[in-house]
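Encoded as structure tokens, the structure appears first; notes follow it.
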Amino acid sequence: MVSIKVLEEKPLTLSEVKTRLEDNKEPIPKGIKTLTYLKSIPLTKEKKAQELKEKINGLGLSRLKERYIVKLIDIMPMDIDSLRAILSQDITLKQEDLQKILEILKS
């Protein structure tokens, strides 16, 4: 069995995954299936996703890690209840912080 060494682990938005798979010169079967799926669903444009990431990071919420930010950008909740439901299992934020995040996602 082939051993794979993980060099880096970094959360990516679905649009970033799609771009990386499209740029891959030697796709593997799982990559092809993933790319087919990603082409079939609406995604936030990669540039827009990066802007959203920067704006949310700019809020300075230390409890909101990059993996949560990526999840929010992929799902794009449009109300406080949805936003709270996405984050509630792992972290809790103040109402005003949730509102700021929601305003950024809606921009």
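The values are calculated or read from the model by the stated rules, or taken from the named source; none is laboratory data. Because the structure is predicted, anything quoted here is derived from the model rather than measured. With ideal geometry, Cβ positions are generated from the backbone for all residues, glycine too; neighbour counts draw on all protein chains shown.
Details
- Among the numbered conditions (1) surrounded by 13 or more Cβ atoms within 10 Å (Cβ to Cβ); (2) within 12 Å of the chain's Cα centre (by Cα); (3) of a type outside the set (Asp, Glu), the only one that LYS45 does not meet is (1).
- Tabulated pairs, the range 58-77, first of a type in the set (Val, Ile, Thr), second crowded, with 19+ Cβ neighbours inside 10 Å and in a helix (DSSP H, G or I), C-beta under 6 angstrom, 6+ apart or interchain: ILE69/LYS53; ILE69/ILE56; ILE73/ALA49; ILE73/LEU52
- Residue check for GLN95: in contact with a helix residue (DSSP H, G or I) (Cβ under 8 Å, 6 or more places away or on another chain), exposed (fewer than 11 other Cβ atoms within 10 Å of the Cβ) and modelled with pLDDT under 95: yes
- Failed item in (1) without any contact (Cβ under 8 Å) to a residue 24 or more places away in the chain; (2) over 15 Å from ILE101 (Cα atoms); (3) acidic (Asp, Glu), with ASP81 passing the rest: (2)
- TYR37 being under 29 Å from GLN95 (Cα atoms) and not acidic (Asp, Glu): no
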